[in-house]
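K.L.:
The structure follows.
Throughout, read-outs are computed from the coordinates displayed, never taken from laboratory work. Values in this document were obtained by computation on a predicted structure and should not be read as measured data. Please note: Cβ atoms are built from the backbone with ideal geometry, for glycine as well, and neighbour counts cover all protein chains shown.
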Ligand SMILES: [Cu+2]
C-alpha cells in the first residue's frame, strides 16, 4: 500500500506543478499587449509567380509582380503550392542563391508537390527576398520580397545579420 500511496502523492504533486506552470505561462502571456497569431498564405502559382490571395488580414500588398508584401513581426507565412507543378521557396536572391543554398535562414524542401505547404514565422524585422529555384523558376521571375515591420533593415543588412 505504501508505495502506491506515495506514487499517488507524486502524481498529485506533479499535476499541481504542471497546473502551476500553465498558470504562470498564462499570466505572462496575458500581461503583454494582446496579439492574436496571424497567418498569411502565399500561393505558389502555375504561372511561376508568388501570388497573394485576396481578403487576408495582417498583410499589405506592396507590389503584385514580383510579389512584395508587408507583415508585422510574429506573422506566420504559409507558402502553398496551388499549381500542378512542383515549386520551392528559399530566402535568397538570384545573385546569392548558389552561395546561400543549404545555409539560408529558411528554405522549403527542394520539391514541394501540389497542395504542399511550408510555413515560416517571421519574428525579426527585416527585408527578406525569396525565390523558387525549382527548374530555374527564379530566372523566369518567380521571386518576391517579404518586408517585416514598418521600418525594417534593408535586404543586405537582413542577410548580414543572419550570416
Ligand atoms: Cu517555382
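K.L.:
Where the eigenvalues come from the Cα gyration tensor of the range 58-163, what are the semi-axes √(5λ) of the equivalent ellipsoid, largest first, in whole Å?
P.N.:
Semi-axes (√(5λ), whole Å): 21, 16, 13.
K.L.:
How do 134, 128 rank when sorted from fewest to most other Cβ atoms within 10 Å of their own Cβ?
P.N.:
Placing the least packed residue first, the sequence is 134, 128.
K.L.:
Neighbouring Cβ atoms within 10 Å as the yardstick, rank 52, 131 fewest first. Write out the running numbers ahead of the final one.
P.N.:
Details: 52 18, 131 23.
Least to most surrounded, the residues fall as 52, 131.
K.L.:
Using per-residue counts of other Cβ atoms within 10 Å, averaged over each peptide, order 65-76, 114-125 from highest down.
P.N.:
Ranked by mean Cβ neighbours within 10 Å, highest first: 65-76, 114-125.
K.L.:
What's the extension gain from residue 124 to residue 98 if we count 0.36 nm per residue and subtract their Cα-Cα distance?
P.N.:
6.9 nm
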